[in-house]
Amino acid sequence: MTGPRISRRELIAAGTFVAATPAWATTAQDGSARLNAFFESVFQRDLQRNPGAQSTMGMKAGQDRWPDVSAARADENVTLVRRDLAELRRFDRGALTPEARLSWDLFAYNAEEAIERHRWRGNHYPVCQMRGPQRDIPQTLVNNHAIESAADAEAYVARLHAVRPYLAAVVAGLARQAANGVVPPAFAVPLVIGNCEKLITGAPFQPGTPDSPILADFRGKVAKLDVPDGARARLMKAAEAGLVEGFGPGFRHLVDHLRARPCGANCSEGVWRLPGGDIYYAAQLRWNTTLPVAPEEVHRIGLDETARLHGEMRAVMQRAGFSGSLPELFAHVRAADRFYYPDTAEGKAAYLDAMRAKIAAVTARLGELTNHVPGAGVVVKPVEPWLEASAGTAGYFAPSADGTRPGILYVNTRDMRNLPIFELSALSYHEGVPGHHLEKAVTRALTGLPKFRAFGGYTAFSEGWALFAEQLPLDMGLYDDPWQEFGRLSMELMRAGRLVTDTGVHALRWSREKAVRWLDENTPSNHADHITAIQRYIVTPGQACAYEMGKLKLVELRDRARAKLGGGFDLRRFNDRVLGSGPLPLPMLEAQIDAWIAAGGAA
């Protein structure tokens, strides 16, 4: 699972409402060049409006502020998008180069989706266990706010003070939603509150105790500054004041609001219960999969894929020497200690080291899969303690745009029973190489790509690629025993199960308990993991369906290319073509691959 991409609506989420200087109108004569200049103008305008996106990209502009999340800003955002879409349509698409036409189509696709999402913004959960300021604020400060000078430190302090008004605006938005009957599900609230409380535990909130997470981050960064001791002491005092006066009160206000807004009936069920819920979920499926699929079709595909994967598991378990039924196998792998690292500091460290070794091994042979080699490295880190309780199993964050920060692969080592050894290979390949890290590194290295494409993305493309990438090392012999192959099937089975349970909860009106029970009976993961999974699907409707739907489309395209090209098919060239235009909605990717096949599968 990747970290959040920078979408159009996120890029324009903060700053002042200003008209872009239309440099594109006068700096180039060629239609395609003028179009690209227009894209650059819009991107830079949007970037200026969003300090969070600037930090994600390694920029220091706006690093003393947080995004504007007011209702007025949301209306301004969609006004800008509509204006941009109208301007786009003034360009003669037929007169553009093929690459510029693709960019035209993508810009229009993104804008139309942003307008439609604006319509449904009241049904979105901006604060839940999967997203919200309790995650964004500390991750921005810790991962993206470098302190290389006293000015950087002072901007960090300004951000600490700004947390209070920022979270006041977040709470105002939650109150507006609550007035319309939209509140975070009951199970999400204690997880969010737990994250918040961990952030405001320790010094300076409780004097004489160890540093709170953010004070510890600030202290560590400032300790490396080449400044006089007196200046360092003043910066530390200023940070403590920022935490006590801004950061702490802001998070306490959010906690107080969440505690005062109890859930109503059925609030922990699917989005069918929300205003226009059935239409909203159909739109969420379309946005996330980029495909015109109905919930009933996705549900059926999930059941078919589950049956297929069960059959492949039975064949693998025989090679692994296990005799018994599939349910007995599931019970065996859940219970046997040999399939898990010890839940100790040493066991957690050993797991992370093993993951690093898996990524290094496939990276050394990457030339067998692609002609692209990532320039940026990837580091494997445990999820921070304050986030463990609500974080998923693993997540990937792309390198910074300026190359100063590598890709980061976070692993949640809170409970080692959620990290079975037999899934270690597939998880490493999915989140690292040749999965998310390769895809993001290739996109970053593409030249001439408009920035809205280089820094944007589509869940079905990225997660579909990462799931497709899990199986690529199989033919390389890097799944070194049948249990690792079983783990790959286990992870894909989880993704197939998402098609069943996500649509079950949101369209077929399954209870949370029924969805958990289905996973218990059909997948080898443990019961606690299944509860966490279903809770994730409830607050992110449709998102989890993007993985398997994307992977199935890539397999379909690969098999089509192999059948039509015969001996001329080269997997490396196919993978290069998939990644070579950056992230695309799946129908546009299909058109690109069909054109590549028609051209003979050339490099």
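The values are calculated or read from the model by the stated rules, or taken from the named source; none is laboratory data. Just so it is clear, the model here is predicted, and its values are computed rather than measured. Here Cβ is always computed from backbone atoms with ideal geometry, including for glycine, and neighbour counts include all displayed protein chains.
Of all residues in segment 187-216, those satisfying the criterion of being surrounded by 14 or more Cβ atoms within 10 Å (Cβ to Cβ) and not in a helix (DSSP H, G or I) are F187, I200, T201, G202, A203, P204, F205, D211, S212.
A345: surrounded by 12 or more Cβ atoms within 10 Å (Cβ to Cβ), under 29 Å from the mean Cα position of the chain (by Cα) and either acidic (D, E) or not assigned by TED's automatic domain parsing to the domain that holds R488 (or both), yes or no?
Working: surrounded by 12 or more Cβ atoms within 10 Å (Cβ to Cβ): no; under 29 Å from the mean Cα position of the chain (by Cα): yes; either acidic (D, E) or not assigned by TED's automatic domain parsing to the domain that holds R488 (or both): yes.
Answer is no for this residue.
Based on what the data block shows, is A335 outside the structural domain of G497 (by TED's automatic domain parsing) and out of contact with any Leu (no Cβ under 9 Å at 6 or more places or on another chain)?
Values: outside the structural domain of G497 (by TED's automatic domain parsing): no; out of contact with any Leu (no Cβ under 9 Å at 6 or more places or on another chain): yes.
Against the criterion (outside the structural domain of G497 (by TED's automatic domain parsing) and out of contact with any Leu (no Cβ under 9 Å at 6 or more places or on another chain)), A335 does not qualify.
Within segment 11-29, is even one residue hydroxyl-bearing (S, T, Y), closer than 28 Å to P126 by Cα, at pLDDT below 95 and touching a Gly at 6+ places or on another chain (Cβ under 9 Å)?
Residues of segment 11-29 hydroxyl-bearing (S, T, Y): 16, 21, 26-27.
Next cut, closer than 28 Å to P126 by Cα only: 16.
Then keep just the ones that are at pLDDT below 95; that gives 16.
Retained after the next criterion (residues that are touching a Gly at 6+ places or on another chain (Cβ under 9 Å)): none.
No - not one qualifying residue is present in segment 11-29.
Can you pull out every residue in segment 434-465 that is of a type in the set (G, A, S) and free of Cβ contacts under 8 Å to residues at least 40 places away in the same chain? Across segment 434-465, the qualifying residue is only G435.
Pairs are defined by a Cβ separation below 6 Å, a sequence spacing of at least 6 or placement on different chains, a first member in segment 522-548 that is of a type in the set (F, W, Y), and a second member that is in a loop (DSSP other than H, G, I, E, B); the pairs so defined are Y537/A544.
Annotation: A188 fulfils all but one of (1) of a type in the set (G, A, S); (2) in contact with a strand residue (DSSP E or B) (Cβ under 9 Å, 6 or more places away or on another chain); (3) not assigned by TED's automatic domain parsing to the domain that holds A216; the unmet one is (3). The set of residues in segment 125-136 being within 13 Å of V170 (Cα to Cα) and either assigned to a loop (DSSP other than H, G, I, E, B) or not hydrophobic (A, V, I, L, M, F, W, C) (or both) consists of Y125, P126, V127, R131, G132, P133, Q134, D136.
Within segment 306-321, one or more residues are modelled with pLDDT of 95 or more, of a type in the set (V, I, T) and either farther than 27 Å from S462 by Cβ or in contact with a helix residue (DSSP H, G or I) (Cβ under 9 Å, 6 or more places away or on another chain) (or both).
Matching residues to (1) within 30 Å of E40 (Cβ to Cβ); (2) buried (at least 24 other Cβ atoms within 10 Å of the Cβ):
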site	(1), (2)
G456	yes, no
L472	no, no
D475	no, no
W483	no, yes
G487	no, yes
R495	no, yes
T503	no, yes
L508	no, no
E513	no, no
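None of R417, R488 is of a type in the set (K, R) and at pLDDT 95 or above except R488.
Taken over segment 161-210, the criterion of being among the aromatic types (F, W, Y) and touching a Pro at 6+ places or on another chain (Cβ under 9 Å) is satisfied by Y166 alone.
The set of residues in segment 380-419 that are surrounded by fewer than 16 Cβ atoms within 10 Å (Cβ to Cβ) and among the hydrophobic types (A, V, I, L, M, F, W, C) is empty.
R101 passes every criterion in (1) out of contact with any Cys (no Cβ under 7 Å at 6 or more places or on another chain); (2) touching a residue at least 24 places away in the same chain (Cβ under 8 Å); (3) part of a helix (DSSP H, G or I) apart from (2). Within segment 79-96, the set of residues being surrounded by 14 or more Cβ atoms within 10 Å (Cβ to Cβ) and in contact (Cβ under 8 Å) with a residue 60 or more places away in the chain comprises L80, V81, F91, L96. Within segment 299-313, one or more residues are surrounded by 13 or more Cβ atoms within 10 Å (Cβ to Cβ), of a type outside the set (S, T, N, Q), in contact (Cβ under 8 Å) with a residue 24 or more places away in the chain and over 20 Å from L489 (Cβ atoms).
Return yes when S70 is in contact with a Pro (Cβ under 6 Å, 6 or more places away or on another chain), in contact (Cβ under 8 Å) with a residue 40 or more places away in the chain and more than 24 Å from R536 (Cα to Cα) and no when it is not.
Details: in contact with a Pro (Cβ under 6 Å, 6 or more places away or on another chain): no; in contact (Cβ under 8 Å) with a residue 40 or more places away in the chain: yes; more than 24 Å from R536 (Cα to Cα): yes.
No; evaluated as a whole, the condition is false for this residue.
Going residue by residue through segment 269-281, is there one that turns out to be on the phi > 0 side of the Ramachandran plot, surrounded by fewer than 21 Cβ atoms within 10 Å (Cβ to Cβ) and not assigned by TED's automatic domain parsing to the domain that holds T501? Checked segment 269-281: at least one residue is on the phi > 0 side of the Ramachandran plot, surrounded by fewer than 21 Cβ atoms within 10 Å (Cβ to Cβ) and not assigned by TED's automatic domain parsing to the domain that holds T501.
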